[in-house]
1. Among the residues that make up region A:17-31, is at least one of them at pLDDT below 95 and buried (at least 20 other Cβ atoms within 10 Å of the Cβ)?
2. Going through region A:86-114 one residue at a time, which ones are basic (Lys, Arg) and either more than 14 Å from every other protein chain (Cβ to nearest Cβ) or in contact with a Leu (Cβ under 9 Å, 6 or more places away or on another chain) (or both)?
3. Please work out if residue A:42 is in contact with a Lys or Arg (Cβ under 9 Å, 6 or more places away or on another chain) and within 13 Å of chain B (Cβ to nearest Cβ).
4. Taking only pairs six or more apart or across chains, which ones have beta-carbon atoms under 6 Å, a first residue in region A:58-80 that is surrounded by fewer than 13 Cβ atoms within 10 Å (Cβ to Cβ), and a second residue that is not charged (D, E, K, R)?
5. If I filter region B:48-60 for residues that are free of Cβ contacts under 8 Å to residues at least 40 places away in the same chain, of a type in the set (Gly, Ala, Ser) and over 23 Å from residue A:94 (Cα atoms), do I get at least one hit?
6. Do you know which residues across region A:36-60 are within 21 Å of residue B:87 (Cα to Cα) and polar (S, T, N, Q)?
Amino acid sequence: SQTIHQWPATLVQPVGSPLSLECTVEGTSNPNLYWYRQAAGRGLQLLFYSVGIGQISSEVPQNLSASRPQDRQFILSSKKLLLSDSGFYLCAWSSQREAPDTQYFGPGTRLTVL
Amino acid sequence: GEDVEQSLFLSVREGDSSVINCTYTDSSSTYLYWYKQEPGAGLQLLTYIFSNMDMKQDQRLTVLLNKKDKHLSLRIADTQTGDSAIYFCAENDRGSTLGRLYFGRGTQLTVWP
């Protein structure tokens, strides 16, 4: 069966510090991968998605970036965090082969920027 | 496919039925989803319905789809305190090969004992 992991679970960082959040998927190959941010208002904002290694598409301009160094690894990064980067970050995957394109979510990372 | 609307709050008494409603805009969506999010956790897929279906039942969950009105509902029978969570409605983007979903803002369901 497939599982998705996110690390770390919680993170408190000062403004201006770098960020690296990791997402890994097990039990599938060549998944679509997604990064979402969920702010206090509950809505889910799609940040990045990837259909393969090194292939990243950005949904919104911001000081965050994403990378996919391996097939089942997705990393969210920032060189300098802003207060507005605080939120709950969710990684998700979906199959490129099977219908429907159902997304399966990881447990999330709670980021607080002080 | 970018406007998925849900009411923000719903309160019910334990043992009653809960009905969470959702409206969407993209008539070409092929799948519509319900996700559940418990406090501090990720989203858990509850169920989905294909757009050529009117109803889908899965144990205590019943999904109704009215394509004409672009209205989706989730009924939870015999609601329990463990059902307290945020419920998200989502539609897929049929024009996308990326499995993109558009989510509502979520309905906070509170179940009172």
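The values are calculated or read from the model by the stated rules, or taken from the named source; none is laboratory data. All of these numbers come straight from a predicted model, not from anything done at the bench. Neighbour counts are summed over all protein chains in view; Cβ atoms, including those assigned to glycine, are modelled from backbone coordinates with ideal geometry.
1. Yes, region A:17-31 contains a residue that is at pLDDT below 95 and buried (at least 20 other Cβ atoms within 10 Å of the Cβ).
2. A:110, the sole residue that qualifies.
3. Numbers: in contact with a Lys or Arg (Cβ under 9 Å, 6 or more places away or on another chain): yes; within 13 Å of chain B (Cβ to nearest Cβ): yes.
Yes: the conditions hold for residue A:42.
4. Note: pairs meeting the criteria are A:79/A:18; A:80/A:16.
5. Quick first cut of region B:48-60, residues free of Cβ contacts under 8 Å to residues at least 40 places away in the same chain only: B:48-60.
The next check asks that each one be of a type in the set (Gly, Ala, Ser); those that pass are B:51.
Still in the running and over 23 Å from residue A:94 (Cα atoms): none.
Checked against the condition, which is being free of Cβ contacts under 8 Å to residues at least 40 places away in the same chain, of a type in the set (Gly, Ala, Ser) and over 23 Å from residue A:94 (Cα atoms), region B:48-60 yields no hits at all.
6. A:38, A:45
To keep it simple, each residue is scored yes or no on (1) surrounded by 18 or more Cβ atoms within 10 Å (Cβ to Cβ); (2) under 27 Å from residue A:32 (Cβ atoms).
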{"site": "B:11", "(1), (2)": "no, no"}
{"site": "B:40", "(1), (2)": "no, yes"}
{"site": "B:83", "(1), (2)": "yes, no"}
{"site": "B:89", "(1), (2)": "yes, yes"}
{"site": "B:104", "(1), (2)": "yes, yes"}
